[in-house]
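Here is the structure we will look at, set down as structure tokens.
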Amino acid sequence: MVVILLGPPGVGKGTQGVLLAEVTGARHLATGDLLRAARRDGTEFGRQAQGYMDRGELVPDRLIVDLVCEVLGTLDCETGVVFDGFPRTVPQAEALAEALAEAGRQVDRVIVLEADDELLVKRIGGRRTCSTCGAVYNVFFRPSRREGVCDRDGTVLVHRADDDPATIRRRLEVYRQDTASIVRFYEGSAARLERVRANRPVAEVQDALREAVGTP
Ligand code: ADP
Ligand code: AMP
């Protein structure tokens, strides 16, 4: 099954996407994570993306589509995929539809996670991530057992550079500009689109998500 998680920054796409992928055996494919890994590795691709990311702008479609197609090419056709943070523009959605069609596949479910901006800003402000394993914590809502240190591997947690207040505002604006058209795109497609309120505890959101996706 191919599932797309749509929603503003901080709504919980990564948190929920990891859990959903675990329970369904799907691959969690988060373009933001892939971009940050490319930057850490110092690749040409990461270098090209960094200015856009630091300003809270979208990385050009061509770069993102190449990145996603490269990963999709490594998966066999049976492997489910949970997309997180992709697609973010209609051209990306069109390119995804084309790439999937070539493999005889299609987008099955589109889930729009929703929460108010005030909560998103608080969640993003408190987000801390592990640069080794990608685990995501929150100083207000989901703290690590030992402050500032990853529960899994002991790495010192970081506050993402683009999680500062000015860039958060810009990222929310960018999301609002592009999302309406993405939602319209999927409303006119064969995929089933469901909305899930994400201003609830992680487990409750996960239950609603599984119900929307049709996974027990
Ligand atoms: P996104 O991938 O949509 O940007 P994340 O999954 O990284 O969002 O979540 C943003 C922050 O909010 C993280 O610090 C995460 O731990 C926290 N978070 C996610 N879902 C919830 C929730 N349901 N309740 C409280 N905090 C949450
Ligand atoms: P995220 O981790 O999803 O919050 O993404 C962090 C940043 O990576 C965004 O602000 C963009 O600069 C970039 N990015 C991630 N995914 C995409 C995408 N699908 N299209 C364009 N830019 C993206």
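Contact annotation: residue pairs with Cβ atoms under 6 Å, 6 or more positions apart or on different chains, pairing a residue in the stretch 50-62 that is in contact (Cβ under 8 Å) with a residue 40 or more places away in the chain with a partner that is among the polar types (S, T, N, Q) and within 16 Å of ligand 1 (Cβ to nearest atom), are Gly56/Thr167. Tallying residues that are away from ligand 1 (no atom under 12 Å from the Cβ) and under 19 Å from Arg88 (Cα atoms) within the stretch 117-151 yields 1.
Checking each residue in the stretch 166-216 for being closer than 20 Å to Gln106 by Cα, β-branched (Val, Ile, Thr) and surrounded by fewer than 16 Cβ atoms within 10 Å (Cβ to Cβ) picks out Val183, Thr215. Ser144 falls short on exactly one of the conditions (1) closer than 28 Å to Ala212 by Cβ; (2) surrounded by 16 or more Cβ atoms within 10 Å (Cβ to Cβ), and that condition is (1).
Checking Asp84, Asp61 one by one, the residue that is acidic (Asp, Glu), within 16 Å of ligand 1 (Cβ to nearest atom) and touching a helix residue (DSSP H, G or I) at 6+ places or on another chain (Cβ under 6 Å) is Asp84 and no other. Annotation: Val68 fulfils all but one of (1) touching a residue at least 24 places away in the same chain (Cβ under 8 Å); (2) buried (at least 16 other Cβ atoms within 10 Å of the Cβ); (3) within 11 Å of ligand 2 (Cβ to nearest atom); (4) closer than 19 Å to Asp164 by Cα; the unmet one is (4).
On inspection, Val156 passes the criterion of being more than 13 Å from ligand 2 (Cβ to nearest atom), touching a strand residue (DSSP E or B) at 6+ places or on another chain (Cβ under 9 Å) and among the hydrophobic types (A, V, I, L, M, F, W, C). Each residue in the stretch 24-47 was checked for being closer than 24 Å to Ala115 by Cα and either more than 15 Å from ligand 2 (Cβ to nearest atom) or not in a strand (DSSP E or B) (or both), and 3 of them qualify.
Within the option set Glu114, Glu102, being free of Cβ contacts under 8 Å to residues at least 24 places away in the same chain and either under 17 Å from the mean Cα position of the chain (by Cα) or more than 20 Å from Lys13 (Cα to Cα) (or both) holds for one residue only, Glu102.
Please give the strands (runs of 3 or more DSSP E) falling wholly within the stretch 72-139 in which 1 or more residues are under 18 Å from Leu5 (Cα atoms), within 13 Å of ligand 2 (Cβ to nearest atom) and not hydrophobic (A, V, I, L, M, F, W, C).
81-84
For the stretch 27-52, taking the residues that are away from ligand 1 (no atom under 16 Å from the Cβ) and among the aliphatic types (A, V, I, L, M), the one that is modelled with the highest pLDDT is identified as Ala49. Residue pairs whose Cβ atoms lie under 6 Å apart, sitting 6 or more positions apart in sequence or on different chains, and linking a residue in the stretch 21-42 that is over 9 Å from Gly85 (Cβ atoms) to a partner that is small (Gly, Ala, Ser) and in a loop (DSSP other than H, G, I, E, B), are Thr24/Gly80; Ala26/Gly80.
The values are calculated or read from the model by the stated rules, or taken from the named source; none is laboratory data. Fair warning: this is a prediction, and the values are worked out from it, not measured in the lab. Methodologically, a virtual Cβ is constructed for each residue, glycine included, from the backbone with ideal geometry; neighbour enumeration extends over all protein chains shown.
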